[in-house]
Number of protein chains: 2
Amino acid sequence: MATVEELKLRVRELENELIKCKQKQCAMEDAHSSELHRPKIDKMSSEVVDSNPYSRLMALKRMGIVDDYEVGKTTHSFGSGDDLPVLTPILSVFAPSQLLLFDYDKVELANMNRLFFQPHQAGLSKVEAAEHTLRNINPDVSFETHNYNITTMANFTHFMERISHGGLEEGTPVDLVLSCVDNFEARMAINTACNELGQIWMESGVSENAVSGHIQLIIPGETACFACAPPLVVAANIDEKTLKREGVCAASLPTTMGVVAGILVQNVLKYLLKFGTVSYYLGYNAMQDFFPTMAMKANPQCNDSFCRRQQEEYKKKEAERPKVEVVEEEEEAVVHEDNEWGIELVSEVTDAELQAASGTVPDLPEGITVAYTIPAECEPSGETVQETEQSLEDLMAQMRKL
Amino acid sequence: MATVEELKLRVRELENELIKCKQKQCAMEDAHSSELHRPKIDKMSSEVVDSNPYSRLMALKRMGIVDDYEVGKTTHSFGSGDDLPVLTPILSVFAPSQLLLFDYDKVELANMNRLFFQPHQAGLSKVEAAEHTLRNINPDVSFETHNYNITTMANFTHFMERISHGGLEEGTPVDLVLSCVDNFEARMAINTACNELGQIWMESGVSENAVSGHIQLIIPGETACFACAPPLVVAANIDEKTLKREGVCAASLPTTMGVVAGILVQNVLKYLLKFGTVSYYLGYNAMQDFFPTMAMKANPQCNDSFCRRQQEEYKKKEAERPKVEVVEEEEEAVVHEDNEWGIELVSEVTDAELQAASGTVPDLPEGITVAYTIPAECEPSGETVQETEQSLEDLMAQMRKL
């Protein structure tokens, strides 16, 4: 039987071992948490030192490319959809800002190929996983995440409410909506919401064969919305038949995603920081490294009544604008030339050629085609539809027939 | 004083607490390690299920875009330089393969803006940090890292040895060399090594103002090497004076890096998996979303004797090739048209215009300019330099004068 002395020794041994174990636990916790976070930056510094995560960007201001870098500070943008990873470079560029993320999907192992999601996040909602990863990259950004499908009625209403009131100062709208979704219904929902709210947005997409993609800037009332004209795609010179086999899952190339995401976010930056020329439509054909650009004005016969209303308001504003300002802004503004589709080419086609364009398929630059043509029964119904009565459901039902 | 019973009770308490502490420690270790790794994949599956990380890529084969996806399995490529992150999408695309990474730099907080390096890696060598991050993304890739500057003589010799013998089967050369460096000397070192070894490589770069970039495919003897012609840059319509202020650090836009890296890796994929057209030169002007392409053949008066020797060998091979094959391959081959710089434009300039090109500055497509012209004393010395006597040092000394 153990003596008191022996037991006392054992107690001391155990106490020491327990202290060591707890110390190790603390160290592990510390290591883990320091591994996951850099400290927040209280004040953006323009100091050119390697410890300043914003130093390389402040250089843009010093070089005269960006006039006012600080604008980034108050910028909040908004992302929706499958390709949240495209948002990450924005975060690394901007200072304190706010992101609203909307997505209904969960992380799968097949999503690991884009560096963004991590294996241990499998099963989490994409917005949760995205917030977690993004927060580690840039703790200076705040997040609001919504794990739902924006195309159902209740969610759509909430989605509209958050776009129009979810700005950095609660009650103000967001600065920009980014669409990175992979299906028609979600795009139409974003289009409908943005037309109603007059919210500027950027659309992006990659083709099913993963070798072409595009980005598009939509300014309600000014440039063509998603319902103004059939969606455009960049032809990749591949036999279409090989693409439409039943039961074949869409391909996905992280490289194509990367290029499209890169040009999307670059254009977001140019738009928000006011440098360079923001592309209205920029296509990408990965097979030939071909990048066609074009601009499309809004279609006066657009199916979406809110789009038509925005066009009226835009015309009024343009008419009211003092002449001097108009001249000054002309360089940056979309050039308007009428043809049946309201589609206007930037440089590849002459005005005369453009005027001559006719038929249901617009005259497009080489390499761009429409995804489909709108059948006769869906032709714009003009003034016969009352502006206030065309609901999202009506619109979607019409478009679904396509 | 404590009784035996009291001491025994205390021992039991401590033992229980210690067990709990150790259990927690194990759980933490498990959580941490599962957080960092997905299991290796023994056999590439073409099954279209979300748990297959390669499913989206195998779809490329089913769609007829890629003939033989399995080629990825035996592919090993090689990266060098500051922008290792560009390699990550390759890893996610390829099955078991091997990467050799060469870089002398350490991770700094300013490098965090590209999602790739993580805050806790600050201070680690970039190759170590890269290997760690990449291994977590794709455990099916093996790595060989070298933390040194390739431009010193001893390292250069080792670098050459590893390019020519570091293939997946030891003793065979690597499949492709990728240059993602940010300085002239490192590019010249890679150029010299690849010319001597006849190693195909791809060069990439981003301008100091961070708003333009390019990629270039160099096939020794066939297309222009880095010494054949002055480096080309994509003009960004920015006052050059603002870019050359003393002491101003180069800007860096993760978006520009992302686009250039995306088109680089996309072209690596096209090259290795044999689909689409690989661009010989593809520029990117972020200000205007302008992407000029061109092809340049090797310059018979190139300063690099190994380049000239590769040109001789290429001519011999072309001459020996049966006529039938030549016809078949003509579509994909570089078109050769002589002008002073051996620079040949793909589509924007006619043959006649090309022939008429003269002077030290080649006739280039709109938007592309040379970074500098080569001064008279550095003009190619033709046959007066003995082929075997021009060492790396000579070459570098010559180029440094520029």
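The values are calculated or read from the model by the stated rules, or taken from the named source; none is laboratory data. None of these values were measured; they are calculated from a predicted model. So basically every Cβ, Gly included, is an ideal-geometry build from the backbone, and we count neighbours across all protein chains shown.
State whether the residues of segment B:231-247 include one that is within 12 Å of chain A (Cβ to nearest Cβ), modelled with pLDDT of 90 or more and either within 22 Å of A:T255 (Cα to Cα) or touching a Ser or Thr at 6+ places or on another chain (Cβ under 6 Å) (or both).
No, the conditions are met nowhere in segment B:231-247.
Six or more apart or on different chains, Cβ under 7 Å: which pairs go from a residue in segment B:151-177 that's within 21 Å of B:P220 (Cα to Cα) to one that's among the charged types (D, E, K, R) and surrounded by fewer than 19 Cβ atoms within 10 Å (Cβ to Cβ)? Could you list them?
Listed by first residue and then by second, the contacts come to B:T151/B:E185; B:G166/B:E144.
Considering each of B:A319, B:A298 in turn, give the residue that is at pLDDT 90 or above, more than 14 Å from chain A (Cβ to nearest Cβ) and touching a strand residue (DSSP E or B) at 6+ places or on another chain (Cβ under 7 Å).
B:A298
Which ones in segment B:17-26 are over 13 Å from A:K20 (Cβ atoms) and either within 7 Å of chain A (Cβ to nearest Cβ) or at pLDDT 85 or above (or both)?
Correct list: B:K24 only.
Say we look at segment B:276-289 and pick out the residues that are hydrophobic (A, V, I, L, M, F, W, C) and surrounded by 23 or more Cβ atoms within 10 Å (Cβ to Cβ); which of these is farthest from the chain's Cα centre (by Cα)?
Per the stated criteria, the residue is B:A286.
Hey, which of the helices (runs of 4 or more DSSP H) in segment B:113-228, taking only ones fully inside, have at least 3 residues that are small (G, A, S)?
So the answer is B:184-197.
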